1. Any idea which of (1) over 19 Å from N87 (Cβ atoms); (2) crowded, with 17+ Cβ neighbours inside 10 Å; (3) under 16 Å from the mean Cα position of the chain (by Cα) is the one P265 doesn't satisfy?
2. Is it the case that F172 is in contact (Cβ under 8 Å) with a residue 40 or more places away in the chain and not assigned by TED's automatic domain parsing to the domain that holds K81?
3. Does segment 144-162 hold any residues that are surrounded by 14 or more Cβ atoms within 10 Å (Cβ to Cβ) and closer than 23 Å to I63 by Cβ, and which are they?
4. Looking only at segment 191-202, which residues are closer than 24 Å to K278 by Cα and assigned to a loop (DSSP other than H, G, I, E, B)?
5. Please specify each residue of segment 163-213 satisfying the condition of being surrounded by 15 or more Cβ atoms within 10 Å (Cβ to Cβ) and among the basic types (K, R).
6. Considering (1) over 21 Å from L109 (Cα atoms); (2) of a type outside the set (S, T, Y); (3) assigned to a helix (DSSP H, G or I), say which one H254 fails and leave the rest.
7. Only one residue in I248, I243 is touching a Leu at 6+ places or on another chain (Cβ under 6 Å), closer than 23 Å to S104 by Cα and assigned to a helix (DSSP H, G or I), so which one is that?
8. Looking at (1) within 23 Å of I384 (Cα to Cα); (2) assigned to a helix (DSSP H, G or I); (3) not aliphatic (A, V, I, L, M), which is the one condition that is false for F281?
Amino acid sequence: MSVIKAGLIGYPLGHSMSPYIHERIMEASGIAGKYELYEISPEELPKYAPILLRELTGFNVTIPHKVSILPLLEETTPAVKEYGAANTICGRVGYNTDVDGFLSCDIPLDGRVLLLGAGGVSHMMAIESLKSGADLHIWARSQEKAEALAGECRAKGYDKVTAWTFSESGEFDTILNGTPCGMWPNVHQAAPELETSLRALLKPDGTYFDTVYNPCPTKSCMLVRAQGIRAVSGLKMLLNQAISAEKIWAPEAHFDEERLQAILPDLRKKLWEKNPMKVVFTGFMGAGKSTIGRMTAQEMNLPFIDLDEEIVRVAGCPITEIFARDGEEVFRRMERDILKEVLQRAGSAVISLGGGVLMSEENRNILSQANTMVIYLKVDADTIWSRVKGDQSRPLLQADDPDTAYKKMCARLASREEAYEAGSDVVISASENTENVFDRVKKLLLP
């Protein structure tokens, strides 16, 4: 078997996982080869693509070149002609292996489907949805692009397709995200309208599919899962389209599906190593932030940081003593400074915040500008009281009698809820027992 030379062209490529994926596939399949990144801007494509076509066995194509590469090829497969985009090149021939990855994810496509985006991958998902009998509605930031894609589909003989706007009503069985919204490093973005209109857009028994795989999961996937609705990450699509590309470049190799699919869990772990994220738990005292945080860190094999414990370690005394000696203002300044330091530490981690951290707009901005996924554990007042009453180590429970302490707690919770929601990426109910809440968190963070 000859040595293959392959790679990926796109712009930008700083956070691509393709070299790792293809190296693992080559290793599992006994392929001798090398895979490199070629960051090429749209303006440079006509200059450099002919060189790569001549010198490489083949290469993958990602945003923004999946359509613009086509005029530079000598031939394209029927799939590329049908979808209008290529993501794999071999011998000056364009292929589309995105479809193999997409279909491997088992997304229902026979109902009312909303497609977000009108780029290269959206062309493929549009055609596959229509092939499966979908009633397809296409949204794009440019209404003209949505109309154009719908028109292309109709020209291919599909009539159950229309351009769509969010001013229209109606629930969907499936939502397909073909936009880059939420892609690293813009991890706090959600797919268009999903954060504000999810319940109006997607049926409770529906499915959301996100072609974005980095981070894994995206904020969009977490928002959907928080409502108890199925959400599928693009990670499996990424792996399986890469396997299909390797089969084109090295058809004589032995591809063992069991060994190849075993790459998937490692791929997610590698993502979190290469592109570090901080999973942050917030909420009122007694919400279970530290307990759930520790359990999550153990589950994901990540370090755990309790911000209050960090403050105690730095100050050398309990938080109650800081409040009594220096006052809340001094404590909050210390809390802010240590939050900054913790977020700047290398690597992924799970962090539990103190109950008052998000009351500061500055702290909310610090978190929103960092690579974090902030989860608000929301608990009702009576459940909180049942968990914390009598705990004199909590400064906010200091009162002459239980009734006064309860009223003080309720008032403080009411004053904080808006800030908790404003500073969080996703909200989940945490009023149940620990195991149920942890199970809900695990489902949020599925790859």
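The values are calculated or read from the model by the stated rules, or taken from the named source; none is laboratory data. All of these numbers come straight from a predicted model, not from anything done at the bench. Using ideal geometry, Cβ is built from the backbone for each residue, glycine included, and neighbour counts are taken over all protein chains shown.
1. With (1) over 19 Å from N87 (Cβ atoms); (2) crowded, with 17+ Cβ neighbours inside 10 Å; (3) under 16 Å from the mean Cα position of the chain (by Cα) applied to P265, the lone miss is (2).
2. On the way: in contact (Cβ under 8 Å) with a residue 40 or more places away in the chain: yes; not assigned by TED's automatic domain parsing to the domain that holds K81: yes.
Taking the combined requirement at face value, the residue satisfies it.
3. Result: K145, A146, E147, A148, L149, A150, E152, C153.
4. A191, P192
5. Matches in segment 163-213: K203 only.
6. Here H254 meets the rest and fails (3).
7. Only one candidate qualifies: I243.
8. Result: F281 fails condition (2) only.
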